[in-house]
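Remarks on the structure that follows.
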Amino acid sequence: MQTTKCSLLHGLWLKWSALIHEGLEIVISDILPRVEHRNCARHVFVNWSRRKLGKSYECDFWQIAKCTTEREWEDLCSALEKKDKDVYDNLMKKSPKTWTRAFLGTTCKSDIVDNNLCEAFNSSIVEARFKSIIRMLDDIRTKMMTIIVQKRKLCNGWKQNYGPLVKAKFDANKKDCVEWQLIWNGENGCELRKGSYQYTVDLSQRICSCRSWQISGIPCSHACAAMYHLGLQPDEYMHKYYHIDTYKKTYSFPMQPINGPHDWEKTSIQPVLPPIERKMPERPKKNMRMAKDEPKKLKLGHLSRKGLLMTCT
């Protein structure tokens, strides 16, 4: 009887969570109809792979999620459909326009398909989320105050006009550009060829037919090859979204310090007491669900026993 009750409560919790998620999607689309909406590709994959799909399906999924052109997306989806039509139909239940790069707009200069930024922030406030409302907000406020100060100091050590993470991706594009054969049209357009692949670049409009430059704002390897052919510097074509001035403007509004509760203005409103803490049966876990191949975090001073040879005495 207890097992049946716990299963029923867990089912009601999942259904309630689904209703909240659907309601948020409807509200956001009504309030912000012209804003691009995206879903986290990692969450889409986890929901899709609950059927315990193999490693090959995981590779197929991320190829579909990270391809930048609709034609490439169609070819990859056709290959997955031929591989297993039921698996393909299950994946297409979630609109691919919200989690694949092939359908991302060019207004927001970001090619990120997962939600790691929010997940990292949520993991940093796990302890605060289980405190009373005032203590929770105060802990989040002090944490944000510290983060803003750290971000301001971080950009002072940049050697380029953009950060180290962008530099790593940009350097890879510059290195890959030497492998492309260039055919110039005499003005601002050119063709880039490598094997059976061929793309066009227009420097005057800052576009490439691979769409990587338009989506991310970072010149792709094809654009870098065209720039080097004309003796131009690719750094000058980096979108201002990544410039150090833009980074500093983002963190130019510090959190102001406040006095403690002993100095707050008194009101006639009765203080709201926290509810009685009760441990519910089958309560959802606090931490994010780990993927099958995701390494587990070890405690400080602990070592993993994986790979050790065990002998019997």
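Taken together, the values in this text are just the output of simple stated rules run on the coordinates, not laboratory data. It should be emphasised that the depicted structure is a prediction, and the values quoted were computed from it without experimental measurement. Reconstructed Cβ throughout: ideal geometry from the backbone, glycine too, with neighbour counts over all protein chains shown.
Loop-resident trypsin sites (Lys or Arg not before Pro) (DSSP state other than H, G, I, E or B) in the stretch 37-67 with no more than 15 further Cβ atoms inside 10 Å of their Cβ: LYS52. Checked against a 21 Å cut-off, the cross-linked pairs LYS153/LYS249; LYS109/LYS240; LYS66/LYS94; LYS143/LYS248; LYS97/LYS151; LYS109/LYS297 give Cα-Cα distances beyond that limit for LYS97/LYS151; LYS109/LYS297.
Defining a contact as two alpha carbons under 8 Å apart and six or more residues distant in sequence, what relative contact order in percent does the stretch 36-124 show? Kindly include the intermediate steps, with their values, before the conclusion.
On the way: 75 pairs, mean separation 37.8, N = 89.
That works out to 43 percent.
Of the GluC sites (Glu not before Pro) found in the stretch 169-220, the ones in coil according to DSSP and having at most 10 other Cβ atoms within 10 Å of their Cβ are GLU187. Considering the chain at the alpha-carbon level, its Rg and Dmax are found to be 25.2, 80 Å. Checking every one of the chymotrypsin sites (Phe, Trp or Tyr not before Pro) in the stretch 205-313 against DSSP loop status and a limit of 14 other Cβ atoms within 10 Å picks out TRP264.
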